[in-house]
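Report on the following structure.
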Amino acid sequence: MRLGIKAKQIAAVTAIVGLAVVGLSAVHVTRLARVVLRESQARGELLANAIFHRAREVVVAGGPDDLYTALRTDPGLRAILESSVYGESVTEAAILDTQGIVRASSDPALEGRPLPSRADLATLVEGTALDQLRTIYARDGRTLEVRQQMVLGDAPFGSIRIGVSTVLMREELNASLRPAINVAVASVLIAVIVAALLAQLFLRPINVIRGGLTRLGKGELGVTLDLNQNDEFGDLGTFFNTVSQQLSEQRDPRQAARKLVALSRLTAGLAHEVKNPLNAMMIHLELLRTKLTRVSAPRPEPAPVAAGGLGLAAARLPERAKAEDALQHVEIIENEIRRLDEVVQGFLKFTRPEDLKLQPLQVKDIFDEILPLIAPEAETNHVRVEVQAPSDTPWVNGDASMLRQAFLNLAINACHAMPNGGSLRMSCAAASGNRVEIRFEDTGVGIPAEHLPKIFDLYFTTKEHGTGIGLSMVYRIVQLHDGEVEVESTQGRGTTFRVLLPRANES
Ligand SMILES: Nc1ncnc2c1ncn2[C@@H]1O[C@H](COP(=O)(O)OP(=O)(O)OP(=O)(O)O)[C@@H](O)[C@H]1O
Ligand SMILES: [Mg+2]
C-alpha cells in the first residue's frame, strides 16, 4: 500500500504524541497506584491503632476473667471493628490471640478460627511498581493485610489484622485514572487534527508544484506557479517558472507558425517582385530568339551578279553559325527561367492556406503515390520500405498534393537517416478523437535529444546539402489540416513521426 506524505506525517505526529501520552500515562498510573496503596495502608494503620488503644483500655480496666472474652464483648471495641467494613478499601478487621486464632472480628463467623495467612500490604507498598500494578489488577482480586502487634508492657497479648481488598483499591485507582484517560484520548485526537492541518499547510506547495508539472506534462504552455514563499519551496517555484518559460519558448507551435507566416509574406512579396521581371525576361528572350532565328534561317540567295556576290554569301555563313550557337544559350536561359518560375509558384502553393483543397481521401492512395518517388532514395540507401494500410482505415479530410508532399518529406528524411540500410514502415490506423494516425517509423540513426525541440524550425538542418525546410513544411501542412505531428526518437535505434489528421465525415 502506498502511503502519501500527508498520511505519513499524520501517522508520525500521532505516533509521537501517542508515545508521549502512553509514557506519561504509565508514570501517572504507577504513581497513582503507589498513592492508593499508601492511603489504604494508612487507613488500615489508623483503624489498627484505634482498635489497639481501645483493647489496651479494656485490658487495663480488667473485667471478665478471660481477656479475649472481655475484648470480644466490649461494645466500644465491637463498634470500632464493625465500622471497619465502611472504610474505602478496608473490608475487615480482626483481633487474633498469640496463637493466631480470631478472638474478635468484624465478621463474627470467623471468631474462634485461625485466620488464613495473607500477603502483607507493607511489603507491597515497598515493592516495585510492576508488582504493585500486577497485584492491584490481578483478575480475581485479593485481600491484603495491615498487621499490628498488641503489647502490654513487654508482653504481647495478640495482634490486629486489617483486611484490605485489591478490588476496592482497583476501583479507587480506576476512578482517579478516568480523567487522565480522557485527557490522553483528547490529546491524541487533537494531535491527529493538528497534524492533518499542518500537513495540509506544508503540502500545499507540493500540490501546487504537482499541478504545474501535470499541466506541463499535458503540453500546456506558459504554466507559472504562484509560490510566494520565502523558503525552499519559493526557490523551487521560481526555478519551475524559469524552466516552464524556456519550454514554452522551445515548444510553442505558434513560434514555428509565426515563422511560417513570415515566410508566406516573404514569398508572396518575392513572387510579386520576381514574377514580373521573369515575365519581362521571357518576353525579351522570345524576341531575341525570333531575331536569332531569322539570322540563322537559310535565306534564298540573290543570283550572283558579280564576283563579289559569292563573297557576301560566304560572309553570312559564320554569322549564321554564331546565331545558332546563341540560340542554344537562349534555350538554356529560357529553361532556367522556367524552373525559377516553378520554384516561386511552388513556394506560393505551400504558404497560401487559401489554396487548400480539402476532400475525403485514403491514406493508402497517398502512400501508393509516393512509393515510386522514394524508391530511388530507398534503393541507394538499402532501405526496405513496408506499407501497412488496412482497407478499413477511416478516410481523412485532406489536400492530396499537400499531404503527398508532407509524407514524401517524412519518408525521404527517414531514408536519409539510414545511410547503412534499415527499414521504413509507413502505416495508418484509426485513432481516438475522430482522427487517423499516420506513422513513419525508421530504424535510422535517431535524433539527439538536444535537436528534438528544433527539428520543426525553419532552416534547421544537420545535412550538408539540406535546406531545413522539409519538416517545417510538414508542420505547416499538418497545421493547415487541423492536425498534429509528434516525434519520438532514440539515438542509434530510430525515429517515429506520428501525424494525426481529422477523419473525413462519413456519409
Ligand atoms: N527520420 C529522421 N531521422 C533522423 N533525423 C531526422 C529525421 N527526420 C528529420 N531529421 C533531422 O531533422 C533535420 C531537419 O529535417 P528537415 O526535413 O526539416 O530538413 P533536412 O532534411 O535537413 O533538409 P530538407 O529541407 O532538404 O528536407 C534533419 O536535418 C535531420 O537532422
Ligand atoms: Mg528533409
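So for the range 410-507, considering every pair of alpha-carbon atoms, how many percent are separated by more than 15 Å?
Cα-Cα pairs of the range 410-507 separated by over 15 Å account for 63 percent.
Given +1 on the Cβ of Lys and Arg, -1 on the Cβ of Asp and Glu, and no further charges, what dipole in debye does the range 359-502 carry about its Cα centre, rounded to the nearest 20?
The calculated dipole for the range 359-502 is roughly 120 debye.
Over the range 385-463, calculate the relative contact order: mean separation of alpha carbon pairs under 8 Å at least 6 apart, over the residue count, as a percent.
32 percent
Just want the answer: with Cβ charges of +1 for Lys and Arg and -1 for Asp and Glu, which residue in ALA11, GLN41, VAL27 is farthest toward the dipole's positive end in the range 1-55?
Positive-end residue among those listed: ALA11.
Along the charge dipole of the chain, which of ALA323, PHE497, VAL243 sits closest to the positive end, that is, farthest toward it, with unit charges on the beta carbon of Lys, Arg, Asp and Glu (+1, +1, -1, -1)?
Working it through, the farthest residue towards the positive pole turns out to be ALA323.
Please report, in debye to the nearest 20, how large the charge dipole of the chain is about its Cα centre when each Lys and Arg carries +1 at its beta carbon and each Asp and Glu carries -1 there.
660 debye
Quick one: work out Rg over Rh on the C-alpha atoms of the chain, Rh as Kirkwood radius.
We get a ratio of 1.59 for the chain.
If you count only protein heavy atoms and use a 1.4 Å probe, how large is the accessible surface of SER244, to the nearest 10 Å²?
0 Å²
For LYS275, give me every one of the lysines with a C-alpha distance below 18 angstrom, ignoring sequence neighbours fewer than eight places off in its own chain.
Candidates past the 8-residue exclusion: LYS349.
Rounded to a whole number, what % of the accessible area of the range 76-207 do carbon and sulfur atoms account for, probe 1.4 Å?
Carbon with sulfur: 60 percent of the solvent-accessible area.
Two-decimal Rg/Rh of the range 361-410 from alpha-carbon positions, Kirkwood Rh?
Ratio of gyration radius to Kirkwood radius: 0.99.
With a 1.4 Å probe and every protein chain left in place, work out the accessible area per residue of the chain in Å², rounded to a whole number.
59 Å²
Return the carbon/sulfur percentage of the accessible area of the range 359-502, one whole number, probe 1.4 Å, all protein chains in place.
The C+S portion of the solvent-accessible surface of the range 359-502 is 49 percent.
The values are calculated or read from the model by the stated rules, or taken from the named source; none is laboratory data. Every value quoted in this text rests on a predicted model; they were computed, and no experiment measured them. As a convention, Cβ positions derive from the backbone with ideal geometry for all residues, glycine included, and neighbour counts pool all protein chains shown. Ligands, DNA and RNA are stripped out before the accessible areas are found, and what is left, the full protein with its side chains, is counted by its heavy atoms. Shrake-Rupley method; radii C 1.70, N 1.55, O 1.52, S 1.80 Å.
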